[in-house]
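The values are calculated or read from the model by the stated rules, or taken from the named source; none is laboratory data. All values reported here derive from a predicted model rather than from experimental measurement. Positions of Cβ are generated from backbone atoms using ideal geometry, with glycine treated the same way; all protein chains shown enter the neighbour counts. Side chains are part of the model used for accessible areas, which takes the heavy atoms of the whole protein and leaves out ligands, DNA and RNA. Shrake-Rupley method; radii C 1.70, N 1.55, O 1.52, S 1.80 Å.
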Amino acid sequence: MKAAGRLILFAVLALLLSGCTNYLDLNRLEIVAGIAIDRNEEGYNVALELLNLTETDPEGALAFQVAEFSGQTIPAAMENAKGRLTKELYFGNLQTIVISRQIAEEEGVASILDWFMRDSGLRETSMVVLSTAETAKEVLEAKGEDMAIAAFAIEAIVNPPEKEVFQVRDTMLYRVYNAIHIEGKNIVLMAFGVNGSGEKAKDAQDQGSGEEKAGAETEGDSAGQEEPVLGVSGIGLFNGDRLVGFLPQENLNALLVLREKGMQQTFAFPVSQGGGYATFRVSRIKSERHMKETGGGLTLCFDVKATGLLIQAPPGLDMSQRDAIESLQQDATAFMKEYLLTTAEYICRELKVDAIDAGYEVYKMDGRLWQEIKGDWDRLLPQLPIEINMELHIAGTGAYKAS
Amino acid sequence: MDFKFFARKRRLEEKIKELNQNLDSIELSGDLAEEMAILEGLFEKVDPMVLRRIRNQHNEKLEFGLVYCAGMIDNEYVGEAIIKPLTSSQGINYDKNLTDTILTQIVCNHNGMKAQKYSEIVEAATYGDVVVLIPGSKDALIYSTQGFPLRGTDEPENEKTLVGPKEGFGESLINNLAFLHRRLRTNDLKMQFRTLGKRTRTSICLCYLDSLVKPDILKELEERLAIIDIDGILDSNYIQEFIRDEGYSPFRTIGTTERPDVVTGKLLEGRIAIFVDGAPTVLTLPYLFMENFVNSEDYYLPFYYATFSRVLRICGFILAVTVPAFYLAVSAFNHEMLPTPLLISIARERQNIPFPMALEIFSMLLVFDLLREAGIRMPTVIGSAMSIVGGLVLGQAAVQARLVSSVLIIMVALTGITGLLVPKMNTSILVVRYSLLVAASIMGLPGLTLGIAFWWVHLLNLRSFGVTQIEININMNYQDQKDLLLRAPLWRMARRPRNIAKDSVRKGETRRQW
């Protein structure tokens, strides 16, 4: 009797505490795969990429539709969506948030991300990317090369299962949000464009961002295709939460080494003995960043230790000779050091963006000093000396026979 | 006179105690009265054991002692070939060659033999031989007279094994005890008869190994049996429901089996078995939760395979009780738990299904249980046809008619199949599964978590005759774990379950030298 009483009490409490309020059947859900946010004259346009679960496209893939709603604020636009959709919007498996370049430049991304973080129904691991197309909605309406739904294609490119290039660590919503609010840190976001929107990318390049090659590549690759196809168009550099420019394609790998500490990338470098180029793939890399006091000033140091696997040697190089291998190693080390230093100096001195988190290193070293100089950091950054200490071991040379 | 009687009784008790401790070394004395008294002491509480005296019709002073186990011998043969010659032969004289005379002239059995030690007599008597004690002789005669059922019934349907013994208990209590006696040739095996049921007067028998059983558990059992006051006992379950701990719990606190080898194994671990006349199912106690996942075949197969099978059974139980509730919770409440591709697959399947998901799951599980129940009661031939109708036709038709989603059919099938892995827990699975489903349909994942917590706490509190079903011991050691999740090699199992047996040492000190 006592046990039965407890059981009834448990059941009553369970009912009172929950009341089935969260019950939401799957066939009543409107699954949102991606969101694109654009600015209009009165407020915001929010485009939602909705999965059509009852139909497939002619190729058999899952169909989707992009619906656009407007409002003075993003939540207001979402409210307007409710009046037009028969099912309940479901953001729990949201893959991608595309923010237009205009918003990122003019008002920053902090307030938008703040709203996303506050909404408990959203998945905080959604990818945040920029749009270099005319509107962010265009990116969602485009297709990936091998994946129809744009939100899924972007997520797969930004967050590949393997460690490859184009992997910026802080692209998930919660990580981007956190990075914005850490003293001295700046975010970088991957930018996506659509073929046919190269004009906009070129405009960005004209402003000193270096996006031209990336945009042109995307445009060129997909030339002649009828449907718009999305692709990576560069990496957006931020000062605080505001977009200040884009990094050229040739500096992407260096930025990833300097910022992300460990990526499997491939580098080609000139060989001094006999001429030509050799290629190695980084199999292991460790990059440590710290601030060093030198003669009353500060120097930003990068200690990079890497192992590279030789995957292509220039013809005529006798790899059975020890001096040839040592020369190859010296060439590779010198190349990497120069490449990283050039990129770091380009970012700090020409673009004047602290994309390598030098300010964060100052803050870590001396918080009071950072508080004193952070207001003047934009002026101090270009003058900051940068030092690269490179240790590179080229492995796999024994696999080559003497030519 | 009185003083002499008590002195003699005390001497005998001491001798019996000494004999029990060192049975191999004590020999017969030649005093028939003393020998019979000692054997009565040795077989105290072994009620099937018969010790009787017979006299020769032509020489009334000539008295023989007979020792045998009822049910183990061929009654007709013993009567004709042993008792009749001893009682009716003429010219048997009480002399020093009496033993040889009987062995060679009176009772000519094909393998009659002499024995001098009590240990030989005990072993022979408990194995269906007849022992003849001869007055004035330090030799006893042993005649092979086994008449126990070698294969009483077929292998139990619900405890089938690929390897190992195929015998199963039948409905005869004496025959069932013979199965046990044949495996345990020791006087340490105690068998105590009782009668229960005012009208049915059903015989039951408590069996245990005296040197292993814990006295407090035995006492507790006897007390619980004493309070059974019912008009009839038709099956062992009648007794089980009366004496078990936590009468409302869906989990077992008393084990059941129809296999003699299983009962023998349990007795060797210090447990008690209860045989009921007319029932092939034997109760064993105390019962631990992990016994639900143990199969007798585990000990007849290589330990790697046995361990793998045991882990599979545990996983099967967990899946059987949680899969429907978890599916409901993540599909109707906590969708974000699902990876996106899986969510899309399930969501696509759910389109145009007219019923709420909770109702869909409940109804399909009920349909499965209906089919299962119908299949059990039907003849084998019709049962297979039923499976086809239920599994293929009904399932396929329901999916095509968009009444249920195909994902749910997979979930129900998975639940059903995994549930069959642990047949001993069918009741527990049924109750826990539906209760978790109700909790999940009210609160989603928090409900499921609460439900699991409820049952886990219940299990931790569950006892079987004072022994905790699941013991959480921080100071875990190998011997405690050797036969739980894993089945260790038999030569590494040195000890019996700690809380069950009085004597925990199972294996000698000998070590593998090769």
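Restricting attention to strands (runs of 3 or more DSSP E) lying wholly within the range A:227-296, give those where 3 or more residues are more than 30 Å from A:Ala36 (Cβ to Cβ) and out of contact with any helix residue (DSSP H, G or I) (no Cβ under 9 Å at 6 or more places or on another chain).
Numbers: elements: A:230-239, A:242-247, A:266-270, A:277-294.
Hits in the range A:227-296: A:277-294.
For the range A:121-148, give me the residue count where each residue is open to solvent by less than 10 Å² (accessible area, probe 1.4 Å), closer than 30 Å to A:Tyr23 by Cα and either within 14 Å of chain B (Cβ to nearest Cβ) or not hydrophobic (A, V, I, L, M, F, W, C) (or both).
Counting residues in the range A:121-148 that are open to solvent by less than 10 Å² (accessible area, probe 1.4 Å), closer than 30 Å to A:Tyr23 by Cα and either within 14 Å of chain B (Cβ to nearest Cβ) or not hydrophobic (A, V, I, L, M, F, W, C) (or both) gives 2.
If I ask for residues that are surrounded by fewer than 20 Cβ atoms within 10 Å (Cβ to Cβ), assigned to a strand (DSSP E or B) and either touching a Lys or Arg at 6+ places or on another chain (Cβ under 8 Å) or among the aliphatic types (A, V, I, L, M) (or both), which ones from the range A:28-61 would you list? It would help to see each step written out before you state the result.
We begin by selecting, within the range A:28-61, every residue surrounded by fewer than 20 Cβ atoms within 10 Å (Cβ to Cβ); these are A:28, A:30, A:39-43, A:52, A:54-61.
Narrowing further to those that are assigned to a strand (DSSP E or B): A:30, A:39, A:52, A:54-56.
Those that are surrounded by fewer than 20 Cβ atoms within 10 Å (Cβ to Cβ), assigned to a strand (DSSP E or B) and either touching a Lys or Arg at 6+ places or on another chain (Cβ under 8 Å) or among the aliphatic types (A, V, I, L, M) (or both): A:Glu30, A:Thr54.
Okay, residues lined up against (1) outside any loop (DSSP other than H, G, I, E, B); (2) among the basic types (Lys, Arg); (3) open to solvent by 30 Å² or more (accessible area, probe 1.4 Å); (4) in the same structural domain as B:Asn22 (by TED's automatic domain parsing):
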site	(1), (2), (3), (4)
B:Val163	no, no, yes, no
B:Glu171	no, no, yes, no
B:Ala178	yes, no, no, no
B:His181	yes, no, no, no
B:Lys198	no, yes, yes, no
B:Ser203	yes, no, yes, no
B:Tyr208	yes, no, no, no
B:Glu220	yes, no, yes, no
B:Ile228	no, no, no, no
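Identify, by number, the condition in (1) of a type outside the set (Asp, Glu); (2) more than 38 Å from the chain's Cα centre (by Cα); (3) open to solvent by less than 20 Å² (accessible area, probe 1.4 Å) that B:Leu342 doesn't meet.
(3)
So, of the residues in the range A:259-290 that are within 24 Å of A:Val362 (Cα to Cα) and open to solvent by less than 20 Å² (accessible area, probe 1.4 Å), which turns out to be modelled with the lowest pLDDT?
The selected residue is A:Glu260.
Considering the range A:343-397 alone, what residues qualify as being on the phi > 0 side of the Ramachandran plot and out of contact with any Pro (no Cβ under 8 Å at 6 or more places or on another chain)? If you could, list the steps in order and put the result at the bottom.
From the range A:343-397, those on the phi > 0 side of the Ramachandran plot are A:352, A:357, A:396; that's our starting set.
Residues satisfying the conditions are A:Asp357, A:Gly396.
For B:Cys315, only one of the following conditions fails: (1) away from chain A (no Cβ under 14 Å); (2) under 13 Å from B:Gly444 (Cα atoms). What is its number?
(2)
Quick check on this structure: which one of B:Asp74, B:Asp100 is modelled with pLDDT of 85 or more, over 26 Å from B:Asp24 (Cα atoms) and not hydrophobic (A, V, I, L, M, F, W, C)? Step through it out loud before you land on a result.
Values: B:Asp100 fails: over 26 Å from B:Asp24 (Cα atoms).
When all the criteria are applied, what remains is B:Asp74.
Residues B:Ile382, B:Ile417, B:Ile429, B:Ile442: which one is at negative phi and touching a Cys at 6+ places or on another chain (Cβ under 7 Å)?
Details: B:Ile382 fails: touching a Cys at 6+ places or on another chain (Cβ under 7 Å); B:Ile417 fails: touching a Cys at 6+ places or on another chain (Cβ under 7 Å); B:Ile429 fails: touching a Cys at 6+ places or on another chain (Cβ under 7 Å).
Checking each option against the conditions leaves just B:Ile442.
Residues to consider are B:Ile410, B:Ile452; find the one that is more than 13 Å from every other protein chain (Cβ to nearest Cβ) and crowded, with 17+ Cβ neighbours inside 10 Å. Don't jump to the end; show me each part of the working.
Values: B:Ile410 fails: crowded, with 17+ Cβ neighbours inside 10 Å.
Result of the check over B:Ile410, B:Ile452: B:Ile452.
In the range A:62-83, which residue that is aliphatic (A, V, I, L, M) and within 14 Å of chain B (Cβ to nearest Cβ) is surrounded by the most Cβ atoms within 10 Å (Cβ to Cβ)?
Keep residues of the range A:62-83 that are aliphatic (A, V, I, L, M), which gives A:62-63, A:66-67, A:74, A:76-78, A:81.
Checking the rest, the ones that are also within 14 Å of chain B (Cβ to nearest Cβ) come to A:62-63.
Working: A:Leu62: 18, A:Ala63: 15.
Among those that are aliphatic (A, V, I, L, M) and within 14 Å of chain B (Cβ to nearest Cβ), it is A:Leu62.
Which of the numbered conditions does B:Asn56 fail, given that it passes all the others? Conditions: (1) modelled with pLDDT of 75 or more; (2) farther than 19 Å from B:Gly136 by Cβ.
(2)
For the range B:236-270, how many residues are open to solvent by 50 Å² or more (accessible area, probe 1.4 Å) and of a type in the set (D, E, K, R)?
Start the filter on the range B:236-270 by keeping residues that are open to solvent by 50 Å² or more (accessible area, probe 1.4 Å), which leaves B:237-238, B:241-242, B:246-248, B:252, B:268.
Filter once more, keeping what is of a type in the set (D, E, K, R): B:241, B:246, B:252.
Of the residues in the range B:236-270, 3 are open to solvent by 50 Å² or more (accessible area, probe 1.4 Å) and of a type in the set (D, E, K, R).
Output the number of residues of the range A:41-61 satisfying the condition of being away from chain B (no Cβ under 13 Å) and in contact (Cβ under 8 Å) with a residue 12 or more places away in the chain.
Counting residues in the range A:41-61 that are away from chain B (no Cβ under 13 Å) and in contact (Cβ under 8 Å) with a residue 12 or more places away in the chain gives 9.
Kindly establish whether B:Ala329 is crowded, with 22+ Cβ neighbours inside 10 Å and out of contact with any Phe, Trp or Tyr (no Cβ under 8 Å at 6 or more places or on another chain).
Numbers: crowded, with 22+ Cβ neighbours inside 10 Å: yes; out of contact with any Phe, Trp or Tyr (no Cβ under 8 Å at 6 or more places or on another chain): yes.
In short, yes.
Quick one: is B:Ile472 open to solvent by 60 Å² or more (accessible area, probe 1.4 Å), at pLDDT 90 or above, away from every other protein chain (no Cβ under 13 Å) and in contact with a Leu (Cβ under 9 Å, 6 or more places away or on another chain)?
The answer is no for B:Ile472.
Residues checked against (1) at pLDDT below 90; (2) of a type outside the set (Ser, Thr, Tyr); (3) buried (at least 18 other Cβ atoms within 10 Å of the Cβ):
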position	(1), (2), (3)
A:Ala313	yes, yes, yes
A:Thr333	no, no, yes
A:Glu350	yes, yes, no
A:Val353	yes, yes, yes
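Being hydrophobic (A, V, I, L, M, F, W, C) and within 11 Å of chain A (Cβ to nearest Cβ) is the filter here; which residues of the range B:321-345 pass it?
Residues of the range B:321-345 hydrophobic (A, V, I, L, M, F, W, C): B:321, B:323, B:325-326, B:328-330, B:332-333, B:337-338, B:342-344.
Selection gives B:Leu328, B:Ala329, B:Val330, B:Ala332, B:Phe333, B:Met337, B:Leu338, B:Leu342, B:Leu343, B:Ile344.
Step by step: first the residues of the range B:346-369, then only those that are facing chain A (nearest Cβ under 10 Å) and assigned to a helix (DSSP H, G or I), then the one that is most open to solvent (accessible area, probe 1.4 Å). Which residue is that?
Taking the range B:346-369 and keeping what is facing chain A (nearest Cβ under 10 Å), we get B:346-358, B:360.
Now drop any that are not assigned to a helix (DSSP H, G or I), which leaves B:346-350, B:357-358, B:360.
Values: B:Ile346: 8, B:Ala347: 0, B:Arg348: 84, B:Glu349: 54, B:Arg350: 0, B:Met357: 0, B:Ala358: 19, B:Glu360: 2 Å².
It comes out as B:Arg348.
I need a count of the residues in the range B:419-447 that are open to solvent by 10 Å² or more (accessible area, probe 1.4 Å) and either at pLDDT below 90 or within 13 Å of chain A (Cβ to nearest Cβ) (or both).
Residues meeting the conditions: 15.
Within the range B:71-83, does at least one residue satisfy the condition of being open to solvent by 20 Å² or more (accessible area, probe 1.4 Å), more than 31 Å from the chain's Cα centre (by Cα) and among the β-branched types (Val, Ile, Thr)?
Yes; the residues of the range B:71-83 include at least one that is open to solvent by 20 Å² or more (accessible area, probe 1.4 Å), more than 31 Å from the chain's Cα centre (by Cα) and among the β-branched types (Val, Ile, Thr).
In the range A:33-40, is there at least one residue being under 27 Å from B:Met337 (Cβ atoms), modelled with pLDDT of 90 or more and within 11 Å of chain B (Cβ to nearest Cβ)?
Yes, some residue in the range A:33-40 is under 27 Å from B:Met337 (Cβ atoms), modelled with pLDDT of 90 or more and within 11 Å of chain B (Cβ to nearest Cβ).
Do we find that B:Val50 is assigned to a strand (DSSP E or B), modelled with pLDDT of 80 or more and open to solvent by 30 Å² or more (accessible area, probe 1.4 Å) in this structure?
On the way: assigned to a strand (DSSP E or B): yes; modelled with pLDDT of 80 or more: yes; open to solvent by 30 Å² or more (accessible area, probe 1.4 Å): yes.
It is true that B:Val50 is assigned to a strand (DSSP E or B), modelled with pLDDT of 80 or more and open to solvent by 30 Å² or more (accessible area, probe 1.4 Å).
Which residue is farthest from B:Phe251 (Cα to Cα), if the candidates are limited to the range B:395-407 and must be aliphatic (A, V, I, L, M) and within 14 Å of another protein chain (Cβ to nearest Cβ)?
First, pick out the residues of the range B:395-407 that are aliphatic (A, V, I, L, M): B:397-399, B:401, B:403-404, B:407.
Now drop any that are not within 14 Å of another protein chain (Cβ to nearest Cβ), which leaves B:403-404, B:407.
Values: B:Leu403: 34, B:Val404: 32, B:Val407: 30 Å.
That would be B:Leu403.
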